[in-house]
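These notes are about the structure you will find just below.
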Amino acid sequence: MALSVYNSHDKFTYDEEFGFAWDVFTISFKYDQILSPDLFSGLSISYSDISNSSFQPSGVDGFVLGNGMNNYKIKEDLHISRFPSQHINIGFEGNAYFPDSETLVPFDHTATTIPYEGQKDRGVEAAVYLNDAVELTSRLTASIGLRYNYYMQVGPAQVNEYTDGLPTSAAEILSVTAYKSGEKVIAYQGFDPRVALTFMLDISSSIKMSYNKIHQYIHLVSNTTSAMPIDFWQVSNTYFQPLSSDNFSVGYYKNFRMNAFETSVEAYYRNMDNIIEYKDFPDLFLNNHLETELVGGKGRGYGLELFVKKKSGKFNGWLSYTFSRTFVKVDHYSRQIEINQGQWFPSKFDQPHNFSLVGNLNFNKTNQFSFNFTYATGRPLTAPDANYALNGTIVPNFSNRNEYRMPDYIRLDVSYTIQRGLLRTARYKDSFTFSVYNLLARRNAYSIYFKRERGTNYGAYKLAILGTLLPSITYNFNF
């Protein structure tokens, strides 16, 4: 039996111009029980409340824009080990997604911002699953499973109906249908099969292959190049169908020198449907007809992952390199809705190169030096690349969606740990860790924004949250 609680609050302000704040509260309960010699039960219940806000702290237009998500989850997993060559898992899972209302309030008593509160869509999800890990031969094992999902959007909700059946603008709303609290609005369902095969070539090498299908009934909505606390979740509804993906992978795994070294190379491909993308110049916040600002598309991703790990010795650590690409395509009968002329373009998560190197040097039993080096290709972004004059007004012309990239991300962290610092007993153990985050003091870009400078040109500016090295001291006590 285990009970865990976590609560945090973060606040970030940039030069008194704007800021973000977010709170996270989670509580989870887990109860494991042996029902019989060959039947094991694992029950978990959790609740999380994630709320966030963005604010403009100065001026008569000062405001606080807030939203959040409440998630309730329960899962029961039964593990059956009655058969020597099989391990069977069967269970069910339930999720409830209850977003907080979207609110806009004045920052303080001097602001004249008009308060607003908007209702967000709710959804509930239930699933049952069965998985069988079976040893087919002395060299071949398989894990075969099937999951059935049922999702339902529930009230309170309001569904807009449009002239041609497709949401293009608020001006074409014909009528609004209201649903009471708990009333069914729309339902989706689907089967998620999965299969994984492992073939042992010899005692130290193997080949693994897998396929699985996934349905996701909640979408992350954002129009920024970086993950921001003001991003919000949108559950599937009448106009936003569930995200689905088909995932394929194959890999080769090899150990060397009595398993002192682990190596692997793995390739994957992913095909996705019903990805949510925003239209050009969207109005996403305080909007009760989001379907007129968002559009569905399809995506694909592929990549190759290399991994080497040294598990033991005075010096140990691991190295990994990933080449990965992910693209999105939004084509539509209306040229005004499709993105990049209906052609494939990099998604905001597309980072072709990602390299990590982690090392630990043990001088003796009580002193250890560690480092962590990270390199990643910059995320894609859309930028103004030209200007034109219209009736005396300078209008920026933006590039194709995600045509440019942020600067590459590079960071080096180091630490030195001294074991048995203050306490010197066999029962109690403690340690001091001295670390430096971002030792190279690089101003890695968190986001890029643009301002019009003198004349007609726009300048690009980099926002770096931690643009210098950050030292810290940690004391750990174990008993």
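I'd like to know if the stretch 359-371 contains one or more residues that are in contact (Cβ under 8 Å) with a residue 40 or more places away in the chain and either of a type in the set (D, E) or in contact with a Pro (Cβ under 9 Å, 6 or more places away or on another chain) (or both). No, every residue in the stretch 359-371 fails to be in contact (Cβ under 8 Å) with a residue 40 or more places away in the chain and either of a type in the set (D, E) or in contact with a Pro (Cβ under 9 Å, 6 or more places away or on another chain) (or both). With respect to (1) touching a Gly at 6+ places or on another chain (Cβ under 9 Å); (2) closer than 18 Å to D100 by Cβ, the lone exception for Q234 is condition (1).
Here T177 meets each of (1) exposed (fewer than 15 other Cβ atoms within 10 Å of the Cβ); (2) in contact with a Pro (Cβ under 7 Å, 6 or more places away or on another chain) with one exception, condition (2). The single condition among (1) under 30 Å from R82 (Cα atoms); (2) outside any strand (DSSP E or B) that Q33 does not meet is (2).
Here's the yes/no breakdown for (1) at pLDDT 95 or above; (2) more than 20 Å from the chain's Cα centre (by Cα); (3) closer than 30 Å to G145 by Cβ; (4) surrounded by 12 or more Cβ atoms within 10 Å (Cβ to Cβ):
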{"site": "E16", "(1), (2), (3), (4)": "no, yes, no, no"}
{"site": "Q33", "(1), (2), (3), (4)": "no, yes, yes, no"}
{"site": "G42", "(1), (2), (3), (4)": "yes, yes, yes, yes"}
{"site": "S54", "(1), (2), (3), (4)": "no, no, no, yes"}
{"site": "P57", "(1), (2), (3), (4)": "no, yes, no, yes"}
{"site": "N71", "(1), (2), (3), (4)": "yes, no, yes, yes"}
{"site": "G94", "(1), (2), (3), (4)": "yes, yes, yes, yes"}
{"site": "H109", "(1), (2), (3), (4)": "no, yes, no, no"}
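The one condition from (1) at pLDDT 90 or above; (2) out of contact with any Lys or Arg (no Cβ under 9 Å at 6 or more places or on another chain); (3) of a type outside the set (S, T, Y) that L146 does not meet is (2).
Return the residues of the stretch 151-180 that are of a type in the set (S, T, N, Q), within 28 Å of S244 (Cα to Cα) and assigned to a loop (DSSP other than H, G, I, E, B); say none if nothing qualifies. Within the stretch 151-180, T168, S169 qualify. Whether a residue is in a strand (DSSP E or B), of a type in the set (S, T, Y) and closer than 23 Å to I88 by Cα was assessed, and Y47 does not pass this test.
Are any of the residues in the stretch 338-356 surrounded by fewer than 17 Cβ atoms within 10 Å (Cβ to Cβ), assigned to a strand (DSSP E or B) and in contact with a strand residue (DSSP E or B) (Cβ under 6 Å, 6 or more places away or on another chain)? Yes: one or more hits.
Restricting the search to the stretch 102-137, which residues are without any contact (Cβ under 8 Å) to a residue 24 or more places away in the chain and in a loop (DSSP other than H, G, I, E, B)? Hits for the stretch 102-137 are H109, I114, P115, L136, T137.
Looking only at the stretch 278-321, residues that are assigned to a strand (DSSP E or B) and touching a residue at least 60 places away in the same chain (Cβ under 8 Å) come to 1 in all. Would you call F12 within 30 Å of E135 (Cβ to Cβ), at pLDDT below 90 and surrounded by fewer than 15 Cβ atoms within 10 Å (Cβ to Cβ)? So F12 does not fit the description; no.
Of all residues in the stretch 202-217, those satisfying the criterion of being in a strand (DSSP E or B) and either at pLDDT below 95 or not β-branched (V, I, T) (or both) are D202, S205, S206, K208, M209, S210, Y211, N212, K213, H215, Q216.
Restricting to the stretch 380-401, and then to whatever is of a type in the set (A, V, I, L, M, F, W, C) and modelled with pLDDT of 80 or more, can you tell me which residue is surrounded by the most Cβ atoms within 10 Å (Cβ to Cβ)?
So the residue we want is L381.
Residue count for the stretch 334-372 under the criterion of being in contact with an Asp or Glu (Cβ under 8 Å, 6 or more places away or on another chain) and closer than 30 Å to L412 by Cα: the result is 2. Of the residues making up the stretch 415-423, not a single one is at pLDDT below 85, of a type outside the set (A, V, I, L, M, F, W, C), within 30 Å of K298 (Cα to Cα) and surrounded by 14 or more Cβ atoms within 10 Å (Cβ to Cβ).
Name the residues in the stretch 359-378 that are among the β-branched types (V, I, T) and either surrounded by 15 or more Cβ atoms within 10 Å (Cβ to Cβ) or under 27 Å from the mean Cα position of the chain (by Cα) (or both), would you? Matches in the stretch 359-378: T374, T377. Selection over the stretch 322-337 of residues that are free of Cβ contacts under 8 Å to residues at least 60 places away in the same chain and in contact with a strand residue (DSSP E or B) (Cβ under 9 Å, 6 or more places away or on another chain) gives a count of 11.
If I filter the stretch 45-65 down to residues being of a type in the set (S, T, Y) and touching a strand residue (DSSP E or B) at 6+ places or on another chain (Cβ under 9 Å), which single residue comes out as farthest from E117 (Cα to Cα)? Taking the candidates together, the pick is S46.
The values are calculated or read from the model by the stated rules, or taken from the named source; none is laboratory data. Owing to the predicted nature of the structure, the values given are computational and were not obtained by experimental measurement. Please note: Cβ atoms are built from the backbone with ideal geometry, for glycine as well, and neighbour counts cover all protein chains shown.
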